[in-house]
1. Need a quick list: helices (runs of 4 or more DSSP H) entirely within segment 110-224 having at least 2 residues that are over 26 Å from P100 (Cβ atoms).
2. What number of residues in segment 40-74 are in contact (Cβ under 8 Å) with a residue 60 or more places away in the chain and in a helix (DSSP H, G or I)?
3. Would you call L184 within 30 Å of F46 (Cα to Cα) and in contact (Cβ under 8 Å) with a residue 60 or more places away in the chain?
4. Have a look at I121, I116, I134 and point out the one that is under 30 Å from A52 (Cβ atoms) and under 11 Å from the mean Cα position of the chain (by Cα).
5. For the list (1) open to solvent by 10 Å² or more (accessible area, probe 1.4 Å); (2) at pLDDT 95 or above, I need the number of the one condition that I59 fails.
6. Being open to solvent by 40 Å² or more (accessible area, probe 1.4 Å), in contact (Cβ under 8 Å) with a residue 24 or more places away in the chain and over 20 Å from L43 (Cβ atoms): is that true of R154 here?
7. Name the single residue that is nearest to A53 (Cα to Cα) among those in segment 75-103 being open to solvent by 10 Å² or more (accessible area, probe 1.4 Å) and not in a helix (DSSP H, G or I).
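The values are calculated or read from the model by the stated rules, or taken from the named source; none is laboratory data. Computed from a predicted model, the values in this text were never measured in an experiment. Reconstructed Cβ throughout: ideal geometry from the backbone, glycine too, with neighbour counts over all protein chains shown. In case anyone asks, the SASA skips ligands and DNA or RNA and just uses the protein heavy atoms, side chains included. Shrake-Rupley method; radii C 1.70, N 1.55, O 1.52, S 1.80 Å.
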Amino acid sequence: MARIATKRGEAPRRKAAGQPAPAGRPRAERQAARREAILAAALDEFSARGFAATRLDDIARRADVAKGTIYLYFRDKESLFQELVRAMLSPIVGRLEAAPMADLPARLLVEAVADIFVREIFGTRRKDVIRLIITEGQRFPKLAEVYYHEVIERVVPVMRALMQRAVARGEFPNDALARFPQLLIAPAMVALVWNGLFDRFAPLDVRELLRAHIAILFGERTAP
């Protein structure tokens with residue numbers, strides 16, 4: 001399966017409760033570490049309680065900071081969540097936008113994007129951020145809005161343009177994937193929802209699910 005080089009990312013790391021900052025650490029470095037600790041604690045709390053039920057007091061306690069410290073970095077709970085989306089998902093989107101994919105055959109391109117999803121989304125805590133958008137976005141439209149602008153509005157045009165090139169090269173019998181590039185990622189979203197709800201009963205093998213989807217789109221691979 002083709003791969004596009006990416007840098008593996010996880011949730012921002014949070015220092016252990018009560019752990020003192022190293023002596024002589026530059027102020028900017030201490031501030032950056034504190035900000036990352038708050039973001040990591042926020043992801044833990046949002047994932048455990050949901051956006052609505054999470055209080056800044058809970059996040060402060062988990063991050064081992066005073067509640068007032070959070071306001072030095074984030075205006076409110078909503079802006080904290082929005083920054084979590086930007087910090088965890090925007091770098092992946094940026095690498096996807098910059099990847100040299102225009103001349104890849106459509107099948108290799110879709111395989112590469114599927115591989116990114118498995119390794120960089122489903123294999124990390126980024127999946128928790130997307131699940132939160134799915135579950136909380138309708139009640140809190142601003143959360144869905146920031147995800148739309150930071151992810152959807154950037155990824156869909158890229159995929160549409162790539163599919164249009166593939167159609168022009170005669171790789172598809174029709175232009176359905178160029179008109180609706182959402183079809184390419186639909187199984188990935190199903191996997192996120194399914195494993196979020198039913199993982200303890202019937203976990204999905206996400207990589208195999210996406211391989212099956214690609215086989216439906218392009219046919220089974222033939223042996224060389």
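1. Working: elements: 126-136, 141-147, 153-168, 176-179, 182-198, 206-218.
Result: 126-136, 141-147, 182-198, 206-218.
2. First pass over segment 40-74, keeping only residues in contact (Cβ under 8 Å) with a residue 60 or more places away in the chain: 43, 46-47, 50-52.
Going one step further and asking which of them are in a helix (DSSP H, G or I), we end up with 43, 46-47.
Looking only at that region, the number is 3.
3. Numbers: within 30 Å of F46 (Cα to Cα): yes; in contact (Cβ under 8 Å) with a residue 60 or more places away in the chain: yes.
It is true that L184 is within 30 Å of F46 (Cα to Cα) and in contact (Cβ under 8 Å) with a residue 60 or more places away in the chain.
4. On the way: I116 fails: under 30 Å from A52 (Cβ atoms); I134 fails: under 11 Å from the mean Cα position of the chain (by Cα).
Every option except I121 fails the conditions.
5. Condition not satisfied by I59: (1).
6. Details: open to solvent by 40 Å² or more (accessible area, probe 1.4 Å): yes; in contact (Cβ under 8 Å) with a residue 24 or more places away in the chain: yes; over 20 Å from L43 (Cβ atoms): yes.
Judged against the criteria, R154 is a match.
7. Looking at the filtered set, the residue picked out is D76.
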